[in-house]
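S.K.: Dropping the structure in here first, questions after.
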Amino acid sequence: MKPIEFTCIETIAMTPVAIAEPILDADNWRDFTGYWPIPGIRQAEFELRTPEVVGSRIRVTNTDGSSHVETIVEWQPGEGLRMHMTNFSPPLSRLATDIDEIWRFEPQGGATRVTRVFRLHPKSAPARVALWLVSFLLKRAIVRNLRQLRAAAA
């Protein structure tokens, strides 16, 4: 089944590496505050941290008690990274099999154009409708998060 996809773009006055590296500090994940019913992150901890970063798994617990696991499947801090989200607790486990998050970095002078692409994979055709609504709200949360990064870098 075709995934639901959306893209968010923001220019941040930091280098690509300065944007990517804090992802490896699980305490920074709590900066994601969500958007309305989309919960923020209460806690993130490495279940597995590999020396090469790729293959590392982070267990995420959200402010509403839900959880999932994110696996780093691509790590090129100067260019981009990719995370694969799985093992969702309800209610998301009823709607999605997995979610891919792709970050791309394009240096622009002293700043970086950050593009974040999300691909949400619905569990079924009926679940697709509800997952589309989730994607609409998740996009708002990602826009907020990128603006927070931009403001922190200013």
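S.K.: Does ARG94 satisfy the criteria of being basic (Lys, Arg), within 23 Å of PRO22 (Cα to Cα) and open to solvent by 50 Å² or more (accessible area, probe 1.4 Å)?
M.R.: no
S.K.: Residues that are acidic (Asp, Glu): list the strands (runs of 3 or more DSSP E) wholly contained in segment 64-118 that include at least 2 such residues.
M.R.: 67-76, 96-108
S.K.: Can you work out which of the residues in segment 21-53 that are surrounded by 13 or more Cβ atoms within 10 Å (Cβ to Cβ) and among the β-branched types (Val, Ile, Thr) is nearest to LEU146 (Cα to Cα)?
M.R.: Among those that are surrounded by 13 or more Cβ atoms within 10 Å (Cβ to Cβ) and among the β-branched types (Val, Ile, Thr), it is THR33.
S.K.: Checking the conditions here, which among ARG140, ARG59, ARG147 is farther than 20 Å from THR15 by Cα, assigned to a helix (DSSP H, G or I) and either touching a residue at least 60 places away in the same chain (Cβ under 8 Å) or in contact with a strand residue (DSSP E or B) (Cβ under 8 Å, 6 or more places away or on another chain) (or both)?
M.R.: None of the other options fit; the residue is ARG140.
S.K.: Return the total of residues in segment 1-20 being in a strand (DSSP E or B) and open to solvent by 40 Å² or more (accessible area, probe 1.4 Å).
M.R.: 4
The values are calculated or read from the model by the stated rules, or taken from the named source; none is laboratory data. As the structure is a prediction and not an experimental result, all values here were calculated from the model. Positions of Cβ are generated from backbone atoms using ideal geometry, with glycine treated the same way; all protein chains shown enter the neighbour counts. Calculation scope for accessible area: heavy atoms of the full protein, side chains included, ligands and nucleic acids excluded. Shrake-Rupley method; radii C 1.70, N 1.55, O 1.52, S 1.80 Å.
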